[in-house]
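A short write-up of the structure that comes next.
The values are calculated or read from the model by the stated rules, or taken from the named source; none is laboratory data. These figures come from a predicted structure and were not determined experimentally. Methodologically, a virtual Cβ is constructed for each residue, glycine included, from the backbone with ideal geometry; neighbour enumeration extends over all protein chains shown.
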Amino acid sequence: MTKPSMSFYNQAWRWHFYAGLLVIPFLIMLSLTGIIYLFKPQLDNLLYADLLWVPQGEQLLSADRQLARVKQAYPQAAISQYLPPLDAQHSAQFVVTEGGRKLNLFLDPYRGTLLGSQDAVNNLQAIARALHGELLAGKVGDRLVELAAGWAIVLVVSGLYLWWPRGNGLRGVFWPRLANRGRLFWRDVHALTGFWGALLLLFMLLTGMTWTGFWGESFADVWNRFPAAMWNEVPKSALQARSLNTAQGQTVAWAVENTPLPTSDPHAAHCGQAMDSAAPAAAPIGLQQILDTANAKGVMPGYSVTLPKGAEGVYSIALFAADPRNDATLHVDQYSGKVLADVRWQDYGAVAKSVELGVVLHEGKFFGLANQLLMLAVCLLILLSSVSGLVIWWLRRPQGSLGVPPLRHDLPLWKTALAIIAVLGLAFPLVGASLLLIAVLDWLLFSRLASSRAVLER
């Protein structure tokens, strides 16, 4: 095998360095916001106990009476969602928009007392989730997070290849060399956190990628397929269920995001009458009837009800459960109360089931506190690996420069690594496109500047 030229080694080393420097700030941000969202139940109970908890009463008010109470208090507000109490000691919640501001309203379901409100967009958890998903920058932010996550996958895989022992023993790879100080100590820290955390980090990155707007949607379009018979006789709108999810909160599970939203028929409730456009529109059914439908269909507590938008909108009952086997997504005609679609765990394909399980593990929900602590450990490993990588760069940077550290002399042949990166570039198109852009920029600018500087230093 012919040894690659030194310029190729230099180019590969520069690419690895610049990619790492690009990705590290994103990984730090994702880890910190992930930790906040990971402990959402505990933080919410700490910060909003007065809104979430109520003394148990004798009789729950019907959902319709609760809705009337909210309309009385906020007559100009548009009500978009209702979250029934989780249990006998929790409040009910309505999501409304008034004057362009989205609010979470908390109601005592026994006494009809409004407990208070919360800005649905500008609160700790909503901001953490929006930062985690799209940097508070919409589609552009989503693409940047996806690009950073894709490059992080490349760095983990190439890092494993780069750090794999090559006849120098196992110290510094499987366990630290405690006698080392300075750069070698930080190099071992970086290698060990990368090695021991690699599989968990890849798991976190891949499960997170399924929610991204480009790769995630494309992946869902391929693998989230349901029997055609489930939708053949259902009137469908142009919207998909993913329209119910926002950057600040999730309503429906990933597995059903690309399913169509059905439409309600304003004349469907007129039994025995001719169905034509001249027939008077039926009155919408009450919110309590939707709750009765959810209970009759065996939907577990913790679900939300999204209210219809417009004359053809539907009620959407959605449960994105800690145990995905309890997931439920039902769409109900707002006039007749007919269940137009009912999607459960057993309707998911094998890939969708795997992704849903991965997502709840990613979010620390599947097996309680132990799951949260495991994901916390992964976040801390990511932070330690990121910080140690920055320290290594700082200690090895050229004297008086913020540029690329000098090339290591024990690098392996990069042909295998290059093949791995090429495969990952094909698997993640944004990464592949950015890789081509970096290659062009490196050829046109960076490598020439480096050559010119080397000539001047002679």
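For this structure, a couple of remarks:
- Within segment 36-75, being part of a helix (DSSP H, G or I), touching a helix residue (DSSP H, G or I) at 6+ places or on another chain (Cβ under 9 Å) and more than 30 Å from Gly286 (Cα to Cα) holds for Ile36, Tyr37, Leu38, Lys40, Pro41, Gln42, Leu43, Asp44, Asn45, Leu47.
Conditions (1) under 19 Å from Ile290 (Cα atoms); (2) under 29 Å from the mean Cα position of the chain (by Cα); (3) modelled with pLDDT of 95 or more, marked per residue:
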| position | (1), (2), (3) |
| --- | --- |
| Ala63 | yes, no, yes |
| Ala92 | yes, yes, yes |
| Arg111 | no, no, yes |
| Ser117 | no, yes, yes |
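- Out of Ser401, Ser452, Ser447, Ser354, sole residue that is of a type in the set (Ser, Thr, Tyr) and at pLDDT 70 or above: Ser354
- The residues of segment 230-266 that are without any contact (Cβ under 8 Å) to a residue 40 or more places away in the chain, in a loop (DSSP other than H, G, I, E, B) and touching a Ser or Thr at 6+ places or on another chain (Cβ under 8 Å) amount to a single one, Asn245.
- Look at (1) outside the structural domain of Pro235 (by TED's automatic domain parsing); (2) in contact with a helix residue (DSSP H, G or I) (Cβ under 6 Å, 6 or more places away or on another chain) and you find that Ala377 fails only one, number (2).
- If the condition is being under 20 Å from the mean Cα position of the chain (by Cα) and assigned to a strand (DSSP E or B), then segment 324-374 contributes Ala328, Thr329.
- Count - residues of segment 95-145 that are out of contact with any helix residue (DSSP H, G or I) (no Cβ under 6 Å at 6 or more places or on another chain) and acidic (Asp, Glu): 3
- Residue within segment 414-422 that is part of a loop (DSSP other than H, G, I, E, B) and modelled with pLDDT under 70 present: yes
- Of all residues making up segment 304-321, the number that are farther than 20 Å from Met230 by Cβ and touching a helix residue (DSSP H, G or I) at 6+ places or on another chain (Cβ under 6 Å): 1
- Of all the criteria given as (1) buried (at least 17 other Cβ atoms within 10 Å of the Cβ); (2) among the aliphatic types (A, V, I, L, M); (3) over 21 Å from Leu43 (Cα atoms), the one not satisfied by Val95 is (3).
- Looking across segment 304-351, just one residue is at pLDDT 95 or above and on the phi > 0 side of the Ramachandran plot, and that is Gly337.
- Single residue of segment 219-229 satisfying the filter (assigned to a helix (DSSP H, G or I) and more than 15 Å from the chain's Cα centre (by Cα)) that is nearest to Gly133 (Cα to Cα): Asp221
- The residue list Gly302, Gly298, Gly337 contains one member that is of a type outside the set (S, T, N, Q), touching a Ser or Thr at 6+ places or on another chain (Cβ under 8 Å) and either surrounded by fewer than 22 Cβ atoms within 10 Å (Cβ to Cβ) or in the same structural domain as Ile79 (by TED's automatic domain parsing) (or both), which is Gly337.
- Subset of segment 343-370 that is touching a residue at least 24 places away in the same chain (Cβ under 8 Å) and of a type in the set (D, E, K, R) - its residue that is surrounded by the most Cβ atoms within 10 Å (Cβ to Cβ): Glu356
- Members of segment 301-348 found to be aromatic (Phe, Trp, Tyr), under 28 Å from His267 (Cα atoms) and touching a strand residue (DSSP E or B) at 6+ places or on another chain (Cβ under 6 Å), listed by number: Tyr315
- Across segment 190-221, the qualifying residues are those that are in contact with a Pro (Cβ under 9 Å, 6 or more places away or on another chain) and modelled with pLDDT of 80 or more, and the one among them that is surrounded by the most Cβ atoms within 10 Å (Cβ to Cβ) is Trp215.
- Pair list, Cβ under 9 Å, 6 or more apart: segment 374-396 residue surrounded by fewer than 20 Cβ atoms within 10 Å (Cβ to Cβ) and among the aliphatic types (A, V, I, L, M), other residue outside any helix (DSSP H, G or I) and modelled with pLDDT of 85 or more: Leu374/Gly364; Leu374/Phe367; Leu376/Phe39; Leu376/Gly364
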